[in-house]
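Visitor: Starting off with a structure, shown below.
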Amino acid sequence: MAAAAPTELTVEEKMRELYRLQLIDSQIDEIEILKGELPMEVSDLEDEIAGLETRISRTEGIVDELRTEISRHEANMNESDMLITRYEEQMNNVKNNREYEALMKETEMQRLEIQLSQKKAKTASEDLEGRVATLDATKERRDAKLKLLEVKQEELKSIIAKTEKEEKKLRRLSDKQRKLIEDRLLRAYDKTRANFRNGLAVVTVERNACGGCFNAIPPQQQLEISQRKRLMACEHCSRVLVDGNILEEEAVES
């Protein structure tokens, strides 16, 4: 025997289920507001710290290279000094002017090598000094960001600990409630919610006005809303309008 087709909801039932979904989602929104900007702040801090760590690693590599370069120049100068000493000793035992001039030439070349190495070592040392200062400042900034991140993470952790159970329950209720609503209405509901910071897509008529944008609702439209014969939207903000008694004072379980 074939299963019976599911009963089509009346307009009033559709309005009621949509409004129930709105009330549940609004409670979820309140929890998100309680968290505030903390999740985004934590994420931004983590990204910034990762960037600083990359900069520190890159700068440390440059510092090591500069120190190696300075050491190489110092070794070259020491080697040139040793050669000069050897050539000067050999000058004392030369047998002719040709040998003497050759040693003098070699000695002069080594002195020029020393001057060049000194110049390069000085330039590298000045660069090193700047790089080390930058490295220290970057590490200091990273450490400050790490401390701030720890504080923000603790704040967020505390809020999550207080609201996690309730939020999970509400999200389960929201998922369950969404299954009672046809896809077309859900798409419109989600689109409208995304358009407003307060996430209100279904609102009641309050004091003859839309509960979302607070623009006046004409008496004839209010009458039609109270009759619940068709879905009515605010002509100003496009939110679905329902009367305040749509749930007949039935509370949404939280």
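The values are calculated or read from the model by the stated rules, or taken from the named source; none is laboratory data. Predicted model only: the values in this text are computed from it and were never measured. Every residue, glycine as well, gets a Cβ built from its backbone with ideal geometry; the counts of neighbours run over all protein chains shown. To get the accessible areas, we keep the full protein, side chains included, count just its heavy atoms, and leave off ligands, DNA and RNA. Shrake-Rupley method; radii C 1.70, N 1.55, O 1.52, S 1.80 Å.
Visitor: Checking the structure you have, find out if any residue of the range 180-189 is within 18 Å of Glu37 (Cα to Cα), assigned to a helix (DSSP H, G or I) and open to solvent by 70 Å² or more (accessible area, probe 1.4 Å).
Guide: The first filter runs over the range 180-189 and keeps only residues within 18 Å of Glu37 (Cα to Cα), leaving none.
Within the range 180-189 (the criterion being within 18 Å of Glu37 (Cα to Cα), assigned to a helix (DSSP H, G or I) and open to solvent by 70 Å² or more (accessible area, probe 1.4 Å)), the answer is no, since none of the residues qualifies.
Visitor: Can you pull out every residue in the range 210-228 that is under 43 Å from the mean Cα position of the chain (by Cα) and closer than 12 Å to Gly244 by Cα?
Guide: Looking only at the range 210-228, we keep the residues that are under 43 Å from the mean Cα position of the chain (by Cα), and these are 210-217.
Hits for the range 210-228 are Cys210, Gly211.
Visitor: In the range 213-245, which residues are part of a strand (DSSP E or B) and crowded, with 17+ Cβ neighbours inside 10 Å? Full working, then the answer.
Guide: Initially, the range 213-245 is screened for residues part of a strand (DSSP E or B), giving 216, 232-233, 240-242.
Selection gives Met232, Val240, Leu241, Val242.
Visitor: Restricting to the range 155-179, what's the tally of residues that are under 25 Å from the mean Cα position of the chain (by Cα), over 25 Å from Arg239 (Cα atoms), open to solvent by 50 Å² or more (accessible area, probe 1.4 Å) and not small (Gly, Ala, Ser)?
Guide: Residues meeting the conditions: 6.
Visitor: Related question: Report yes if Glu30 is open to solvent by 70 Å² or more (accessible area, probe 1.4 Å) and either at pLDDT below 95 or out of contact with any Cys (no Cβ under 9 Å at 6 or more places or on another chain) (or both), otherwise no. Give the derivation first.
Guide: On the way: open to solvent by 70 Å² or more (accessible area, probe 1.4 Å): yes; either at pLDDT below 95 or out of contact with any Cys (no Cβ under 9 Å at 6 or more places or on another chain) (or both): yes.
Criteria met by Glu30.
Visitor: Read through the list (1) in a helix (DSSP H, G or I); (2) more than 26 Å from Lys139 (Cβ to Cβ), then give the number of the only condition that Leu9 fails.
Guide: Failed condition: (1).
Visitor: Kindly indicate which of Arg187, Arg207, Arg178 is out of contact with any strand residue (DSSP E or B) (no Cβ under 7 Å at 6 or more places or on another chain) and more than 17 Å from Lys14 (Cα to Cα).
Guide: Working: Arg187 fails: more than 17 Å from Lys14 (Cα to Cα); Arg178 fails: more than 17 Å from Lys14 (Cα to Cα).
Result of the check over Arg187, Arg207, Arg178: Arg207.
Visitor: Under 17 Å from the mean Cα position of the chain (by Cα), modelled with pLDDT of 90 or more, basic (Lys, Arg) and surrounded by 12 or more Cβ atoms within 10 Å (Cβ to Cβ): does that describe Lys152?
Guide: On the way: under 17 Å from the mean Cα position of the chain (by Cα): yes; modelled with pLDDT of 90 or more: yes; basic (Lys, Arg): yes; surrounded by 12 or more Cβ atoms within 10 Å (Cβ to Cβ): yes.
Taking the combined requirement at face value, the residue satisfies it.
To keep it simple, each residue is scored yes or no on (1) among the aromatic types (Phe, Trp, Tyr); (2) closer than 30 Å to Leu149 by Cβ; (3) open to solvent by 60 Å² or more (accessible area, probe 1.4 Å); (4) in the same structural domain as Phe196 (by the TED database).
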| site | (1), (2), (3), (4) |
| --- | --- |
| Leu34 | no, yes, yes, no |
| Ser43 | no, yes, no, no |
| Asp47 | no, yes, yes, no |
| Glu65 | no, no, yes, no |
| Glu74 | no, no, yes, no |
| Arg86 | no, no, yes, no |
| Met91 | no, no, no, no |
| Val94 | no, no, no, no |
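Visitor: Any idea how many residues of the range 19-72 are part of a helix (DSSP H, G or I), free of Cβ contacts under 8 Å to residues at least 12 places away in the same chain and of a type outside the set (S, T, N, Q)?
Guide: So the count comes out to 13.
Visitor: Taking the range 94-131, which residues are among the aliphatic types (A, V, I, L, M) and under 28 Å from Val63 (Cα atoms)? Don't jump to the end; show me each part of the working.
Guide: Here is the first cut: in the range 94-131, the residues among the aliphatic types (A, V, I, L, M) are 94, 102-104, 109, 112, 114, 116, 121, 124, 128.
Passing the criteria: Leu112, Ile114, Leu116, Ala121, Ala124, Leu128.
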